[in-house]
Amino acid sequence: MIELNNVSKFFGDKQVLFDINTEFIEGKVNLIIGRSGSGKTVLMKCLVGLLSPEEGTVLYNNRNFHHLASAEQQKLRAEMGMVFQGSALFDSMTIHENVMFPLDMFTNLSNEEKLDRVNFCLQRVDLENVNRLYPAELSGGMKKRAAIARAIACNPKYLFCDEPNSGLDPKTSLVIDELIIDITHEFGITTVVNTHDLNSVITIGETISFIYEGHLEWRGDKDNVLTSDNENLNNFIFAQPLTQRLRQTL
Amino acid sequence: MIEHFFITVGDYFIFLKKVFSKPDKWNIFFKKLIFEMDAMGVGSMLIVSIVSLAMGSVITMQTAMQIESSWIPSWTVGFVSRTSIVMELCPTIISLLLVGNLGSRITAEIGSMRVTEQIDALEVMGINPASYLVLPKIVASVIVNPVLIIFSIFFAIVGGYATIAMTGCVTTYDFMDGLTYCFRVYDVVYALVKTFFFAFVMSSVASFYGYKIDGGALELGKANTQGIVVSSFIILILNVLITQIML
C-alpha cells in the first residue's frame, strides 16, 4: 500500500499541491483523476521520487520514500515500474532490448532466463514479432504496450501509469485499460494511474482520487463516481455533451 | 547575469559529481564505452582526415609563399609547417571542429532523451542517468580524441607533402628535412595533453547542456548552440593556460 500524508509541493512561491492525504491499495487499480494542470503529474512525480514534496510523507508499506538512504531508495525503485505519457522507450534500443534493459541492470539471471522473461512479458501485452523493431517503427498503442512490458519485466510491486490512454483511439484505450487491470490482478501489483479518460474512470477505477486545483477534492470508486454530489467532480465528469446526456438518464 | 554564471558553474560541478559515481554495472559500462568509442572515432574519421589534408596543404603553401627568400633555407617550409600542425592547428582547430561535430551530437542525444522522458524513466528505475549516459561519453572522448588528433597530424603532413610534390615550390627532400629538423617528442605530448583537456570539456559541457534541458524542441536547439559556444570558449581559454604552463 502507498500512503500520502499531508503532501504539499511548491514551485518557487507557487503551491501546486495542498495537503494531499490519500492511499493507494495493494492489488487494485488506483486512479488519480483531474483536469489538465490540476497537479496529477506533479503528484505522480512526487510518488515515484522524480520530485520531492516540501511537506508531508509518501509511505511505501510504511517506508518513507523521501527519507530513505539512497541505497534503500534505489532498492525501492527496483520494485517500481512506470509507464510514461509518451512511453519513454529508449529509442536507440529495439523493443527486445528495451524490455531486457531492467533485467540486465537489476537481475543476475542467465541470458536464457532473461530471454524467456522478455518473451513472456511481450506475449503478455500481446506484442509478438516486434522484438527487432525500434520504438519509432511502432504505433502509439504498441509503444504503450511495449512500455507496459518493460515496466513489468522485473515483477514490480508498484506500477505507475501517467495518462496511458493519451493520444490513443477509444478502442486501443480499452485494450490498454484491460491490460492494466488484468496485470494488476494477476500479479497483485499496487497500480496508480493518472488519467482524465472517462472510460478508464468508469471501467478500471477501483479507487479514485479526484484532484482539483492541487487539492484532493473527492475520494471514491467507479461505482459512486457518477452519482457523487461534489460539484467540481461533476463538472469534470459531465463536461462533454455525451456525458451530460448520460447524466440526464441517471 | 553574474549570479546566473555562478549558478551554472555550480550546477556543472554538481552534475560532474553525479557523472563520476560508480557505474551500476561495469559490463554495461564497458559495452557502452566501446559503442561510444566506435561512434565517435569511426564516425569522425572522414571529416577529420579531409579537414586535416586541406589544412596541411594550405599551411604549407602559405609558409612557402611567406619565406621565398634565398637567405632562408628551404627546409624551413617543412619545419614551420610541422610545428604549426603539431602544436596548434591539429589539436586546437580539430578539437573545435569536434565540438561542432561530436559535442552537438551529444547535446542533441541527451537533450532529446530528457525531452521524451527517457532520462526520467532511467531515474524511476533506480539508475543514475548522469553516470549511465554521460560517463561512457566522457571516457570515450578522452580516449578517442587524442587518437583522432594523431591521425589528423598524419593527414595534415601528408597534405603538406602532396602540395609540395605537386607545386614544386621546394623539393620534397628539403620538405622532409624540415619536418624532421629539431623534432621534439615533447611537442606531441603537449598536443595530446591539450587534446585530452579539450575532449573532457567538449563532452562534459555538451552533456551538461543536454542534461539540464527543461522544455521542448526549442530548448533543445538553444541548448545545442549554448553547448557549442561555451565549449569553444572554454577550449580557447584552456589553450592559452596550457600553453603558458607547458611551454
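Readers should treat all values here as calculations from the given coordinates under stated rules, not as data from a laboratory. On a predicted model such as this, the values are computed, not experimentally measured, just so you know. For neighbour counting, all protein chains shown are included, and Cβ atoms are generated from backbone atoms with ideal geometry for every residue, glycine included.
For this structure, a couple of remarks:
- Seen from B:Ser74, the other residues with C-beta closer than 11 Å to its C-beta sum to a net charge of -3, counting Lys and Arg as +1 and Asp and Glu as -1.
- Peptide-level mean, for A:86-95, of C-beta atoms on other protein chains within 10 Å: 4
- Only aspartates and glutamates eight or more places from A:Lys114 in sequence, or on another chain, were considered; those with a Cα closer than 19 Å are A:Glu79, A:Glu97, A:Asp104, A:Asp126, A:Glu128, B:Asp24.
- Loop-located GluC sites (Glu not before Pro) in the stretch A:148-250 whose Cβ has at most 15 other Cβ within 10 Å (DSSP): A:Glu213
- Reachable lysines from A:Lys28, criterion Cα separation under 17 angstrom, eight or more residues apart if same chain: A:Lys157, A:Lys222
- Computed over chain B, relative contact order equals 34 percent, with contacts defined as Cα pairs under 8 Å that lie 6+ residues apart.
- Along each principal axis, Cα extent of chain B, largest first, Å: 71, 42, 32
- Across the stretch A:182-192, computed HN-Hα scalar couplings (Karplus, 6.51 cos²θ - 1.76 cosθ + 1.60, θ = phi - 60°) run 4, 5, 4, 6, 4, 9, x, 7, 8, 9, 10 Hz from first to last residue, x flagging Gly and Pro.
- HN-Hα J in Hz across the stretch B:151-167 - Karplus 6.51, -1.76, 1.60, θ = phi - 60°, x for Gly and Pro: 4, 4, 4, 4, 5, 5, 5, 4, x, x, 4, 4, 5, 4, 5, 7, 8
- Modelled FRET efficiency - R0 51 Å, B:Ile72 with B:Val229, Cβ distances, 0.05 increments: 0.80
- Cα-based shape type of chain A, given that a ≥ b ≥ c are square roots of the gyration tensor eigenvalues and the cut on a/c is 1.5: oblate
- Considering all different alpha carbon pairs of the protein assembly as shown, the Kirkwood hydrodynamic radius works out to 26.0 Å.
- If you take all other residues with their beta carbon under 12 Å from the beta carbon of B:Ala191, and give Lys and Arg +1 and Asp and Glu -1, the sum is +1.
- A simple rule links phi to the HN-Hα coupling: the Karplus curve 6.51 cos²θ - 1.76 cosθ + 1.60 with θ = phi - 60°, which for the stretch A:164-178 gives x, 9, 5, x, 10, 6, x, 5, 5, 4, 4, 4, 5, 4, 4 Hz, with x for Gly and Pro.
- Computed [θ] at 222 nm, helices only, for chain B once each DSSP H run of length n ≥ 4 contributes -39500 (n - 2.57): -26500 deg cm²/dmol
- For the stretch B:136-247, the extents of the C-alpha atoms along the principal axes are 60, 32, 24 Å, listed from largest to smallest.
- Other residues within the sphere of radius under 12 Å centred on the Cβ of A:Ile176, judged by their own Cβ, net out at -3 (K and R +1, D and E -1).
- Alpha-carbon spread of the stretch B:194-247, three principal axes, descending order, Å: 45, 14, 12
- Of the peptides B:93-101, A:190-198, A:119-127, the ranking by mean beta-carbon count within 10 Å, highest at the top, reads A:190-198, B:93-101, A:119-127.
- A:Glu112 paired with A:Gln244, simple spin-label distance in nm, labels 7 Å along Cα-to-beta-carbon: 6.4
- Low-density loop cleavage sites - GluC sites (Glu not before Pro) in the stretch A:103-155, where at most 10 other Cβ are within 10 Å (DSSP): A:Glu128
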